[in-house]
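Throughout, read-outs are computed from the coordinates displayed, never taken from laboratory work. Note that the structure is predicted; figures quoted are calculated from it, not measured. Backbone-built Cβ (ideal geometry, glycine too); neighbour counts: all protein chains shown.
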Amino acid sequence: QVQLVESGGGLVQAGGSLRLSCAASERAFNSATMGWFRQVPGKEREFVAYISSTGLNTHYADSVKGRFTISRDNAKNTVSLQMNSLKPEDTANYYCAASQIRGSYLSRYYDTWGQGTQVTVSS
């Protein structure tokens, strides 16, 4: 089974940028839709973005559209989330996930998850 490890979280001021990375353990990653989700304690996990297995198709939550960019490098088994113009409401634990279902933004269709990386945006 593919294992996912996120990195790149941290503390940043509002308006700043962070880049999250997710490394996958196996080449099975190349056939998976990859997604980023986020969760605040006490709230449901929220979809952020996904990218298709080929990297040709992406989809974003309205709340991050125009500020975040998802990308992947299948040769390196990695997926990234570039986050610009960060806002305090972006503060959350961010999770990388893999799905064999094409084009899904629903967390229940993602069967492999990383451990999460914390992003904190100060005002």
Of all the residues that make up region 1-28, how many are within 14 Å of the chain's Cα centre (by Cα) and not in a strand (DSSP E or B)?
-> 2
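Looking at region 87-98, which of its residues are closer than 30 Å to G15 by Cβ and either among the hydroxyl-bearing types (S, T, Y) or not in a loop (DSSP other than H, G, I, E, B) (or both)?
Hits for region 87-98 are P88, E89, D90, T91, A92, N93, Y94, Y95, C96, A97.
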Name the residues in region 67-81 that are polar (S, T, N, Q), in a strand (DSSP E or B) and farther than 12 Å from V48 by Cβ, would you?
-> S71, T78, S80
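Anything in region 99-122 that is surrounded by 15 or more Cβ atoms within 10 Å (Cβ to Cβ), of a type outside the set (A, V, I, L, M, F, W, C) and either part of a loop (DSSP other than H, G, I, E, B) or touching a residue at least 60 places away in the same chain (Cβ under 8 Å) (or both)? List them, or say none. Even if it seems obvious, please write down each step before you answer.
As a first pass, look at region 99-122 and keep what is surrounded by 15 or more Cβ atoms within 10 Å (Cβ to Cβ): 99, 104-105, 107, 109-110, 112-114, 116-117, 119-121.
With the extra rule that they be of a type outside the set (A, V, I, L, M, F, W, C), the set shrinks to 99, 104-105, 107, 109-110, 112, 114, 116-117, 120.
S99, S104, Y105, S107, Y110, T112, G114, G116, T117, T120, listed by residue number.
Can you find a residue that is surrounded by 18 or more Cβ atoms within 10 Å (Cβ to Cβ), among the small types (G, A, S) and part of a loop (DSSP other than H, G, I, E, B) anywhere in region 52-59? Steps first, answer last, please.
Filtering region 52-59 down to residues surrounded by 18 or more Cβ atoms within 10 Å (Cβ to Cβ) leaves 53.
Okay, now just the ones that are also among the small types (G, A, S), so 53.
Cutting the leftovers down to part of a loop (DSSP other than H, G, I, E, B) gives us 53.
Yes: region 52-59 contains one or more residues that are surrounded by 18 or more Cβ atoms within 10 Å (Cβ to Cβ), among the small types (G, A, S) and part of a loop (DSSP other than H, G, I, E, B).
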